[in-house]
1. Only one of K107, K63, K69, K57 is at pLDDT below 80, open to solvent by 70 Å² or more (accessible area, probe 1.4 Å) and outside any helix (DSSP H, G or I). Can you tell me which?
2. Of all residues in region 165-192, which are of a type in the set (S, T, N, Q) and either at pLDDT 90 or above or assigned to a loop (DSSP other than H, G, I, E, B) (or both)?
3. Mind listing just one residue for me: the one in region 110-142 that is surrounded by 14 or more Cβ atoms within 10 Å (Cβ to Cβ) and closer than 20 Å to W170 by Cα and, of those, modelled with the lowest pLDDT?
4. Which of the following residues is within 14 Å of I120 (Cα to Cα) and not charged (D, E, K, R): S162, S194?
5. Residues that are open to solvent by less than 90 Å² (accessible area, probe 1.4 Å), in a helix (DSSP H, G or I) and at pLDDT 55 or above: does region 31-43 have at least one?
6. Quick one: in region 143-162, of everything that is hydroxyl-bearing (S, T, Y) and modelled with pLDDT of 90 or more, which residue is surrounded by the most Cβ atoms within 10 Å (Cβ to Cβ)?
7. Looking at (1) among the charged types (D, E, K, R); (2) surrounded by fewer than 16 Cβ atoms within 10 Å (Cβ to Cβ); (3) more than 51 Å from the chain's Cα centre (by Cα); (4) at pLDDT 90 or above, which is the only condition D202 fails?
8. Need pairs with beta-carbon distance below 6 Å; first residue among the polar types (S, T, N, Q) and within region 170-193, second open to solvent by 50 Å² or more (accessible area, probe 1.4 Å) and modelled with pLDDT of 80 or more; sequence gap 6+ or separate chains.
Amino acid sequence: MGKIYCTECGKELEDTVKFCSSCGTPINKKDIPPKSNEDENKNETSNEGINVKEISKKTNNNKLSTSTKIFIGVAGICIIAVLIVVGYVGYSIVTAPADVVSEDAPKNLSPSFTDTIYGINFKIPEGYEAFGGTDNQNKGTMTSYDRSYVGPDGNIIEISVSTTKGNFYWDLSQNRDYNDVDKTIKGHKGVLKSSGAFSYVDGDKLVVITGADKQQLKSIIRE
């Protein structure tokens, strides 16, 4: 049995009916062409087109979803890598050897040593090195020996040993300022000047030490 369509309302009918069951229009089979295969094919093609579009849309959605997943994955890997680097740097700082010192700290300090100047022994502090000195003969009136030592911070200590004969400064009581004080270091009584220099007489020699602090003076002067 074939199918026909009402010319009035378009309802699909069996080809054996005489009236449209929808609108009651008399059916004249001669005036109603049966639905052709071409129309069927068009409908199928149309349906297929819709399906293709829907499939394409779904595919694009799937592609977008995949791209998003890839982006999220790459971002996650980058974050993990950054965390690993930060953790490694932090671990390196925490576990750094205790003997690591800053650049400002003195390195390879020379050991303290004893220097003999005009027959008197002096202990030069750690980190200081001799870098200059003079031996002066003043035509029999006075002999003077001078030594200079430079420290790791650039500070300079100077030691002068000279004969008291003909030396204007040998009388310590006459060569002092208002702020100078009497001081005894390692059994040697002398004058600690306001400038920090310490002068004392050792036998027939006058000793003057400049540039040293009180603690260094105690180390330098020997009994």
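1. Numbers: K63 fails: outside any helix (DSSP H, G or I); K69 fails: outside any helix (DSSP H, G or I); K57 fails: outside any helix (DSSP H, G or I).
Criteria check complete, one pass: K107.
2. Start the filter on region 165-192 by keeping residues that are of a type in the set (S, T, N, Q), which leaves 167, 173-175, 179, 184.
Scanning region 165-192 gives N167, N175, N179, T184.
3. M142
4. On the way: S194 fails: within 14 Å of I120 (Cα to Cα).
After ruling out the rest, the residue left standing is S162.
5. No, region 31-43 contains no residue that is open to solvent by less than 90 Å² (accessible area, probe 1.4 Å), in a helix (DSSP H, G or I) and at pLDDT 55 or above.
6. Within region 143-162, the subset hydroxyl-bearing (S, T, Y) is 143-145, 148-149, 160, 162.
With the extra rule that they be modelled with pLDDT of 90 or more, the set shrinks to 145, 148-149, 160, 162.
On the way: Y145: 19, S148: 18, Y149: 24, S160: 22, S162: 21.
Among those residues, the one meeting the criterion is Y149.
7. (2)
8. N179/S194
The values are calculated or read from the model by the stated rules, or taken from the named source; none is laboratory data. All values derive from a computational prediction rather than experimental measurement. Heads up, the Cβs are rebuilt from the backbone with ideal geometry, glycines too, and the neighbour counts pull from every protein chain shown. Keep in mind that these areas ignore ligands, DNA and RNA; they rest on the heavy atoms of the full protein, side chains included. Shrake-Rupley method; radii C 1.70, N 1.55, O 1.52, S 1.80 Å.
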